[in-house]
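Q: Would you mind keeping the following structure in view while I ask a few things?
The values are calculated or read from the model by the stated rules, or taken from the named source; none is laboratory data. Small disclaimer: the values here were computed from a predicted structure and weren't measured. As a convention, Cβ positions derive from the backbone with ideal geometry for all residues, glycine included, and neighbour counts pool all protein chains shown.
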């Protein structure tokens, strides 16, 4: 059941009410007793998921999972090759910087 925010237009009293969605809005202010209460539009309640986690991939079919597994294994082998190339490039650029500094 949602919590609704209300404000009395006569006295300015603001309050919350825990009501059913089907329940009629409150019309009488609990402070001044006048019938000038209006329901405010609030930001809404946050959606809370409890547990170990909920992911969009949890309910995928088996063909998607097998394709994703083959993609991840092929990308991991290409990433190790890329990191070796980057290491070589970075070491050669640092030695060229040292030689440029020595020339000055």
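Q: Being at positive phi, assigned to a loop (DSSP other than H, G, I, E, B) and modelled with pLDDT of 70 or more is the requirement here; does residue 42 meet it?
A: Against the criterion (at positive phi, assigned to a loop (DSSP other than H, G, I, E, B) and modelled with pLDDT of 70 or more), residue 42 does not qualify.
Q: Of all residues being at pLDDT below 95 and outside any loop (DSSP other than H, G, I, E, B) in the range 16-37, which is surrounded by the most Cβ atoms within 10 Å (Cβ to Cβ)? Just the residue, please.
A: If we take residues in the range 16-37 being at pLDDT below 95 and outside any loop (DSSP other than H, G, I, E, B), then 17 is surrounded by the most Cβ atoms within 10 Å (Cβ to Cβ).
Q: Considering only the range 72-85, I want to know if a residue exists there that is at pLDDT 70 or above and under 29 Å from the mean Cα position of the chain (by Cα).
A: Narrowing the range 72-85 to residues at pLDDT 70 or above: 72-74.
Subsequent filtering for residues that are under 29 Å from the mean Cα position of the chain (by Cα) retains 72-73.
Yes: one or more hits.
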